[in-house]
Amino acid sequence: MQNLRPATPADSVSGIQPQFVVAPENEQQLAAVLALAKESGLAVIPRGGGTKLDWGNPPKRADLVLSTARLDRILEHVWADLTVTVEAGCTLQALQQTLAQHGQRLAFDTLWPERATIGGALSTNDSGVLRIRFGALRDLLIGITLVLPDGTVASSGGKVVKNVAGYDLPKLATGALGTLGVITRAVFRLHPLPRMATTVTCVTNQLLSAERLLAALLDSTLVYSALQIRIPSANPHELFVDVLFEGTEQGITAQIAQLQALASFATVFEVDHHVWKTREALHSQYLVDPSSSALLKISTCPGDALAAIATLTEITKSRATASAVVQATGLATILLSGARDELLHAGKVVCKKIESAGGSLVVLGNSVLDADFDAWGSAGDALPLMRAIKAQLDPQDTLNPGRFVGGI
Amino acid sequence: MDARILQEFRAIVGPSGLISSSEDLHTYECDGLTNFRVLPVAVLLPANAQQVQSIVRVCHAQRIPFVARGSGTGLSGGALPVENGIVISLARMNRILAVDIPNARVTVEPGVINLDVTGRVQPHGYFYAPDPSSQSVCSIGGNVAENSGGAHCLKYGFTTTHVLGLEVVLPDGSLVHLGGKCLDAPGYDLAGVFVGSEGTLGIATKIILRIVKRPECTRTLLAAFPGTNEASAAVSDIIAAGMLPAAIEMMDNLAIQAAEAAVHANYPDCGALLLVELDGPIAEVETLMVHVDELCRKNGAWDIRVAQSDSERALVWKGRKAAFAAMGRISPNYIVQDGVIPRTALPQLMNEIARLSRETGLRVANVFHAGDGNLHPLVLYDRHIPGQEKAAEALSFQILELCLAAGGSITGEHGVGEEKKCMMTKMFSKPDLATMQRVRAAFDPLQLCNPTKVFPTPRLCGEKPGEYVPHKLESSGLAERF
């Protein structure tokens, strides 16, 4: 078998050390390798750029890392149809650079695009600031090819945006953390690159003002490509409301004027686009010292997002620091620093509160997990159904055993 | 059906919720695909989710297949009853349960009519985006089953883009919650799998929908072209220029004639009509509309009009939305198909369809969502002429094969249902279909939930449906097919 090597400590997954790393050359090889691994009873960890490998729970077992690094080709960019077919091991940056040659993009921003791969982004359902306008990856994905542990290569969806034939397996694979099959290729719908883009912000130290502005913006006819609230630290309490406008110059100018009218409490001024990298900055900060930090992803209804952050910072304020960025979709990334016990306590209390309001709290990276606080929180009453699907597609628990919700 | 089981059903839904007499059952023997008919053994009309659960538990215990039905407007036979099975109509579950404007969410029962969702949130300046042409009569539950689209899904997406969560009764009678009112519920995206599963995985009893703010302005442009090739070229130019209109619709001359005869939309008499709708901030839309006008002229448009008021806009759309029903003005019968092709294949496909039309002597009118390549060829025929119906069916399936050959799909909106399940093997490989069946088995191991739909059954594929007989509502003039 080509491209098979012993694993090193650098290949460990959430502290579990696998024995081997294999990097198949193409889809057929990958299918053959996976089927052989299953037959041999090995636990397989699919890996793209490895940028989010410690999301989810630690695996129950990890024997073989299956790398998609060599499946990195852009197979077809049909720019006139606004679609692209790409292999799972291609990085987001490489994809975007190719698409830009015809003035197009995948309307999705991810963490560490120079290293993160399509397969990894899909499997973790990562989403960035553009989501509020363009949707999540599930809304941009129109076709997928999945290799199951028994070696079956299954494709669903197709190459056209509008297609309702058969079941939506692309949706099933998105966010499944590689527990149902290994994604080998994906087909996306694309968007034109904007003619112009301007980022503006305004500052307040009043949570209420920020909440009101957020609500007013969500209820307005303004068309923004991104809308977030940055909370660099709980003390002092300063909130930045960032808005990204993309389009024609006339459209952008008119909209900024309308935004200023809504944001009566502060001046709206232009800032650099790097504010949209705040989420990535929090993730990078976490990695500097994971043992005394916790990185949380919270999902609430848009109207409740800031309230959730306020609760968290209330609980931790005397003993921990918090930094957060909240997307107008209701998804927030929070970095907490402090003693492990305090972080665990805060996480559990807030998780309960958020879940009872219909939201979720996911712990990214495993510094603050314990026996009764796993990475995902409650999977709800659909968990048996999820187990049934897992049992159908991966009956032997070959892929990422134990990493997913409910210990799947 | 066993009298004892009928009695169990009657006890669940009450006597007014059970239909078992032969004359009344005929209303439910088909949906919008009227040339496929099967009489159900009984029809049940539950009033709430608990009743749905109880019904399904009886079916599970007794191995009775069941088919859920919304408004029965589907065009692929999704609500066609199954032999020896029952129909569970969701028509009584038609309440809008919650409206949450600040979070832009509406929770509804499955029997709520699509347009009524917009009606409810309109006063706040919102609308429910998926807009199939049947939206004044079709149900949200049905939209969920088919992942319905509509003219505006080019920009706004499909039903699956707007469904955040579902309460579902599984085929064993248990109740589960898929997705939720907040994004990214942990676990598999089962809400995403359920939408578009054509009623084969369970019955939705509650749906959480996303609503969208009405844009600041909407401008609709109508352009007359010498033919579909020129109009297609204009569409390609518009997309290549980096614009994403809210909708781009095309109609060919035959479709225009029919629409004019039916609703007098005052369309110009031309080879092909393009309807381009832009929406968004006023300044943005006005800038882009100038550009769209230029691109249309560049490609030979000789009459361009921009709707100046809501009523003008409504009239422009009326012609397009009435297109199917309007076919009755120019032909005794028609078959409509729903293939999708990559947009760039449009001119080639129009030529192929014209060729097939010449060869068979059957006229084909074309109406389509030009922005996303979703074709609706309307094959016109007269069933009183021997052999024409079979020829028309054959032509409509040949068009689907052309769509597949061009890299497209057999269905963009109407679903596979009963009508196109034999074509699934042409679109997907055996491993693809086997994998989908494994997912299905996780939801419905006993194969009771709309069991004969979507996937090919060797016995039935190859059999032709019977002679077309119009539904009595159609022949009495009380209803038209969309």
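Checked against the criterion of being part of a helix (DSSP H, G or I), in contact (Cβ under 8 Å) with a residue 40 or more places away in the chain, within 12 Å of chain A (Cβ to nearest Cβ) and of a type in the set (Val, Ile, Thr), the candidates B:Thr344, B:Thr411, B:Thr425 yield just one match: B:Thr344.
Please go through the stretch A:385-395 and give me each residue that is more than 8 Å from chain B (Cβ to nearest Cβ) and either closer than 11 Å to A:Ile408 by Cβ or among the aromatic types (Phe, Trp, Tyr) (or both), ordered by number. The answer is A:Arg387, A:Lys390, A:Asp394.
Can you spot a residue in the stretch A:207-214 that is under 15 Å from A:Ile309 (Cβ atoms), away from every other protein chain (no Cβ under 14 Å) and without any contact (Cβ under 8 Å) to a residue 24 or more places away in the chain? Taking every residue of the stretch A:207-214 in turn, at least one turns out to be under 15 Å from A:Ile309 (Cβ atoms), away from every other protein chain (no Cβ under 14 Å) and without any contact (Cβ under 8 Å) to a residue 24 or more places away in the chain. Against the definition (within 11 Å of chain B (Cβ to nearest Cβ), of a type in the set (Gly, Ala, Ser), surrounded by 22 or more Cβ atoms within 10 Å (Cβ to Cβ) and under 25 Å from A:Gly103 (Cβ atoms)), how does A:Gly158 come out, yes or no? For A:Gly158, the condition - within 11 Å of chain B (Cβ to nearest Cβ), of a type in the set (Gly, Ala, Ser), surrounded by 22 or more Cβ atoms within 10 Å (Cβ to Cβ) and under 25 Å from A:Gly103 (Cβ atoms) - is met. Of the strands (runs of 3 or more DSSP E) lying entirely inside the stretch A:34-135, those carrying at least 1 residues that are under 26 Å from A:Val362 (Cβ atoms) are A:44-47, A:64-67.
Of the strands (runs of 3 or more DSSP E) lying entirely inside the stretch B:145-263, those containing at least 1 residues that are of a type in the set (S, T, N, Q) span B:203-210, B:217-225.
Give the stretch B:100-130 a look and list any residue that's in contact with a helix residue (DSSP H, G or I) (Cβ under 6 Å, 6 or more places away or on another chain), among the aliphatic types (A, V, I, L, M) and either surrounded by fewer than 16 Cβ atoms within 10 Å (Cβ to Cβ) or part of a loop (DSSP other than H, G, I, E, B) (or both), or say none. Once the filter is applied, which keeps residues that are in contact with a helix residue (DSSP H, G or I) (Cβ under 6 Å, 6 or more places away or on another chain), among the aliphatic types (A, V, I, L, M) and either surrounded by fewer than 16 Cβ atoms within 10 Å (Cβ to Cβ) or part of a loop (DSSP other than H, G, I, E, B) (or both), the stretch B:100-130 yields B:Ile101, B:Val112, B:Ala129.
Results for (1) modelled with pLDDT of 95 or more; (2) under 17 Å from the mean Cα position of the chain (by Cα); (3) of a type outside the set (Gly, Ala, Ser), shown as yes or no for each residue.
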position	(1), (2), (3)
B:Glu312	no, no, yes
B:Trp317	no, no, yes
B:Lys321	no, yes, yes
B:Ala326	no, no, no
B:Ala354	no, no, no
B:Phe368	no, yes, yes
B:Gly373	no, yes, no
B:Arg383	no, no, yes
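Condition check for A:Gly166 on (1) surrounded by fewer than 23 Cβ atoms within 10 Å (Cβ to Cβ); (2) in the same structural domain as A:Asp126 (by TED's automatic domain parsing); (3) without any contact (Cβ under 8 Å) to a residue 12 or more places away in the chain: one failure, at (1).
When the stretch B:173-191 is filtered for residues that are out of contact with any Phe, Trp or Tyr (no Cβ under 8 Å at 6 or more places or on another chain) and either more than 7 Å from every other protein chain (Cβ to nearest Cβ) or surrounded by 24 or more Cβ atoms within 10 Å (Cβ to Cβ) (or both), the ones remaining, listed by number, are B:Gly173, B:Ser174, B:Leu175, B:Gly179, B:Cys182, B:Ala185, B:Tyr188, B:Asp189, B:Leu190, B:Ala191. State whether one or more residues within the stretch B:373-389 are of a type in the set (S, T, N, Q), closer than 30 Å to B:Met243 by Cβ and within 14 Å of chain A (Cβ to nearest Cβ). Scanning the stretch B:373-389 turns up at least one residue that is of a type in the set (S, T, N, Q), closer than 30 Å to B:Met243 by Cβ and within 14 Å of chain A (Cβ to nearest Cβ).
Considering only the stretch B:282-301, I want to know if a residue exists there that is within 14 Å of chain A (Cβ to nearest Cβ) and within 21 Å of B:Glu389 (Cβ to Cβ). No, every residue in the stretch B:282-301 fails to be within 14 Å of chain A (Cβ to nearest Cβ) and within 21 Å of B:Glu389 (Cβ to Cβ). Restricting the first member to the stretch B:22-50 and to residues that are under 14 Å from B:Phe66 (Cα atoms), and the second to residues that are among the acidic types (Asp, Glu), the beta-carbon pairs closer than 8 Å and six or more apart or on different chains are B:Val38/B:Glu29; B:Val38/B:Glu83; B:Leu39/B:Glu29; B:Pro40/B:Glu29; B:Val43/B:Asp24.
Counting only strands (runs of 3 or more DSSP E) wholly contained in the stretch A:160-237, the ones carrying 3 or more residues that are in contact with a Phe, Trp or Tyr (Cβ under 9 Å, 6 or more places away or on another chain) occupy A:196-204, A:226-231. Screening B:Arg481 against (1) at the interface with chain A (Cβ under 9 Å from one of its Cβ atoms); (2) at pLDDT below 65 leaves a single unmet condition, (1). Among the residues of the stretch A:116-130, those identified as within 12 Å of another protein chain (Cβ to nearest Cβ) and touching a helix residue (DSSP H, G or I) at 6+ places or on another chain (Cβ under 9 Å) are A:Leu122, A:Ser123, A:Asn125, A:Asp126, A:Ser127.
Give me the residue from the stretch B:212-238 that is buried (at least 23 other Cβ atoms within 10 Å of the Cβ) and of a type in the set (Val, Ile, Thr) and, out of that set, modelled with the highest pLDDT. Residue satisfying both the conditions and the ranking: B:Thr220. Picking from residues in the stretch B:302-340 that are closer than 30 Å to B:Val137 by Cα and among the basic types (Lys, Arg), the one that is farthest from the other protein chains (Cβ to nearest Cβ) is B:Arg329.
Name every residue in the stretch A:263-276 that is crowded, with 17+ Cβ neighbours inside 10 Å and part of a helix (DSSP H, G or I), in order of residue number.
Pass one, the stretch A:263-276, residues crowded, with 17+ Cβ neighbours inside 10 Å: A:263, A:266, A:268, A:275-276.
Of everything in the stretch A:263-276, those that are crowded, with 17+ Cβ neighbours inside 10 Å and part of a helix (DSSP H, G or I) turn out to be A:Val275, A:Trp276.
The values are calculated or read from the model by the stated rules, or taken from the named source; none is laboratory data. Small disclaimer: the values here were computed from a predicted structure and weren't measured. Neighbour counts run over all protein chains shown; Cβ positions are idealised from the backbone, glycine included.
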